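The values are calculated or read from the model by the stated rules, or taken from the named source; none is laboratory data. Since we're looking at a predicted model, the values are computed, not measured. Heads up, the Cβs are rebuilt from the backbone with ideal geometry, glycines too, and the neighbour counts pull from every protein chain shown.
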Amino acid sequence: MRDHESVHPPPRGTSCLTGLLAVAAALGAGHLLAGLTGSPGSSPFLAVGNSAIDLAPEPVKDFAIAAFGEANKTALLVGMGVVLAVLGAAGGLASRGGPLPGLILVGLGGTAGALATLGRPDLPTWAVAVPLSSTVVGGVVFALLWSASRPRGPRKDTGEDPALTGTGAGLGRRRLLVSTGAVALGSATATLGGQALTGRGGLEESRRAVTARLPPPSPPPGGADFVDQGTPTFITANDDFYRVDTALRVPALRAEDWRLRVHGLVERELSLNFDDLLRRPWRTETITMTCVSNEVGGPYVSTAEFVGVPLRDLLREAGVRAGAERVFGTSVDGYTAATPVETLLDPDRVALLAFGMNGEALPPEHGFPVRMVTAGLYGYVSATKWLVDLELTTGDRRTYWEERGWAERAPIKTQSRIDSPRGFETLPAGRTTVVGVAWAQTTGIDSVEVRVDDGPWRPATLAREVNPDTWRMWRAEVHLVPGGHRISCRATDRDGHTQTEERVGTVPDGATGWHAVVCTAE
């Protein structure tokens, strides 16, 4: 700064904008570098988001799923964006007197991104260069914008107005506008470029090629639902099938690039590509899947027709050695789950390495190219998506969710749900039809009962049973007098076990309790 110019702190709005643009530049650069290096998970924004998912306390995760449902990851990304924007603006404001606070903030953000990247099991060590490089970009941008935002007053020796002479404050404003515009455009371009590079290049072509090799879907089973009265369709469309997983970004793995290693306590280690898998005998199975995060009456239960290779056949081919207790499945993004060996070897249990779903290749969100599907177990112990590794182990090793307090074994519990009427619905007094679904995978549903308030339990009419591994729709006629009512349901499975009234939350091995809806008749 020349001694004949006076420098004043910039306006607060300009300071906030400086911090925001520095953050945007760092994130944009990181996203672009992640795409250029072929390691999309090293993008600082995604790496920190994935770490937030991994490190969040269990009550926080439960709240996110309960509050936002399948949009919980979108909510996380939006929340992170808001937090970063606030921090960027705060860093800019704190730097009105000098750039050090903002630079420190950029450095701390870069450190968080680097630590998050180093902590990801699916990223190589060198990927830490991405957040470190983006930190340098953010720091340089902040320093340049901070300098450009310094307004210079009139010359003390001449009193000339710089706005008239084209120097000083006028030139500074133009320089600031050009600088901020260039940074904003560059950040947006880098972000979009990174998104394009980390997109699903070739993925849909790969899926179409797999779909062409699959048999057509079976026609919907007749008489298996009461969809005209309010139940779901018996087969859940792929777009409607529930999704609960830990992947902030859906992995983009082509079938042509897929490899599966089967190792550990086996006689013969196997290494398969996708064609190797498809050369083995296939099976088509209709299975209802349920998430352990499903609260009583919740939506995280769906049914699909899966095509795949029986896991039992693959394990026999590898040869299970004595002492093997669990099959440890690992996803391409590092997620882990473990299924009891005895379950997968049970000849009466359906367990597949699935690659087809409802007549087409698995959607990317549901594990393309290959996932596990095991009837009768909650997904967190039996349904690893984007599967790339199967290790037969003893019971000592802990999985992703076991480390977070969930149970090692998790058979699906007998449950039922009312789909119509909806909670707090107002209905005409008199005869009302109540409909819903019940499930007890591997055992099958024997009966469902409904009651109004504290009245007697009355049997419901069951829809056709397709197989014991699928849900079963039901309906019942009840009479409602004017006023408020509580309608409850309970199911009994083929083993004679009746759904318990005791209300228990989802942790550690699934919720229990009767589902009920409150409604008004008038």
Sort out which residues of the range 307-341 are within 21 Å of the chain's Cα centre (by Cα), closer than 21 Å to P369 by Cβ and of a type in the set (A, V, I, L, M, F, W, C), and write them in order of number. F328, V332, A337
Going through (1) surrounded by fewer than 16 Cβ atoms within 10 Å (Cβ to Cβ); (2) among the small types (G, A, S); (3) in contact with a helix residue (DSSP H, G or I) (Cβ under 9 Å, 6 or more places away or on another chain) one by one, G455 fails only at (3)
Out of all the residues in the range 458-494, which are of a type in the set (A, V, I, L, M, F, W, C), part of a loop (DSSP other than H, G, I, E, B) and in contact with an Asp or Glu (Cβ under 8 Å, 6 or more places away or on another chain)? A460, A463
May I ask you to say which residue of V518, V507 is within 28 Å of F63 (Cβ to Cβ) and modelled with pLDDT under 95? V507
Against the definition (assigned by TED's automatic domain parsing to the domain that holds V266, under 18 Å from D54 (Cα atoms), in contact with a Ser or Thr (Cβ under 7 Å, 6 or more places away or on another chain) and free of Cβ contacts under 8 Å to residues at least 60 places away in the same chain), how does T339 come out, yes or no? no
Filter result for V210 (farther than 16 Å from M357 by Cα and surrounded by 13 or more Cβ atoms within 10 Å (Cβ to Cβ)): no
Would you mind stating whether P215 is out of contact with any strand residue (DSSP E or B) (no Cβ under 6 Å at 6 or more places or on another chain), in contact (Cβ under 8 Å) with a residue 12 or more places away in the chain and in the same structural domain as D313 (by TED's automatic domain parsing)? yes
Given the condition of a type in the set (A, V, I, L, M) and either free of Cβ contacts under 8 Å to residues at least 40 places away in the same chain or assigned to a helix (DSSP H, G or I) (or both), answer yes or no: does some residue in the range 11-18 qualify? yes
Note: among G202, G222, G194, just one is surrounded by fewer than 16 Cβ atoms within 10 Å (Cβ to Cβ) and within 30 Å of Y400 (Cβ to Cβ), namely G202
Just one listed residue, out of F306, F328, is closer than 24 Å to W439 by Cα and touching a Gly at 6+ places or on another chain (Cβ under 9 Å), and it is F306
Which residue pairs have Cβ atoms closer than 8 Å, lie 6 or more positions apart in sequence or on different chains, and pair a first residue in the range 193-206 that is in the same structural domain as R249 (by TED's automatic domain parsing) with a second residue that is modelled with pLDDT under 80 and not in a helix (DSSP H, G or I)? none
If I filter the range 355-366 for residues that are touching a helix residue (DSSP H, G or I) at 6+ places or on another chain (Cβ under 7 Å), of a type in the set (D, E, K, R) and in the same structural domain as R259 (by TED's automatic domain parsing), do I get at least one hit? yes
Taking D346, is it under 17 Å from L260 (Cα atoms) and at pLDDT 95 or above? no
Of A224, A252, A247, the only residue that is at pLDDT 95 or above, of a type outside the set (K, R) and either assigned by TED's automatic domain parsing to the domain that holds K385 or under 24 Å from I412 (Cβ atoms) (or both) is A224
Options A89, A71, A75, A64; residue that is modelled with pLDDT under 90 and crowded, with 17+ Cβ neighbours inside 10 Å: A64
Please work out if T443 is surrounded by 15 or more Cβ atoms within 10 Å (Cβ to Cβ), touching a Pro at 6+ places or on another chain (Cβ under 7 Å) and under 24 Å from D225 (Cβ atoms). yes
Could you count how many residues in the range 117-159 are of a type in the set (D, E) and either more than 30 Å from P9 (Cα to Cα) or modelled with pLDDT of 95 or more (or both)? 1
Please specify each residue of the range 244-261 satisfying the condition of being in a helix (DSSP H, G or I) and touching a residue at least 12 places away in the same chain (Cβ under 8 Å). A255, E256
Any residue at all in the range 504-514 that is buried (at least 20 other Cβ atoms within 10 Å of the Cβ), within 30 Å of D348 (Cα to Cα) and either outside the structural domain of E425 (by TED's automatic domain parsing) or among the aliphatic types (A, V, I, L, M) (or both)? no
Residue count, the range 381-401 (criterion: of a type in the set (V, I, T), surrounded by fewer than 22 Cβ atoms within 10 Å (Cβ to Cβ) and within 24 Å of T290 (Cα to Cα)): 2
Filtered residues of the range 342-388 (kept if hydroxyl-bearing (S, T, Y) and within 17 Å of the chain's Cα centre (by Cα)): Y378, Y380, S382, T384
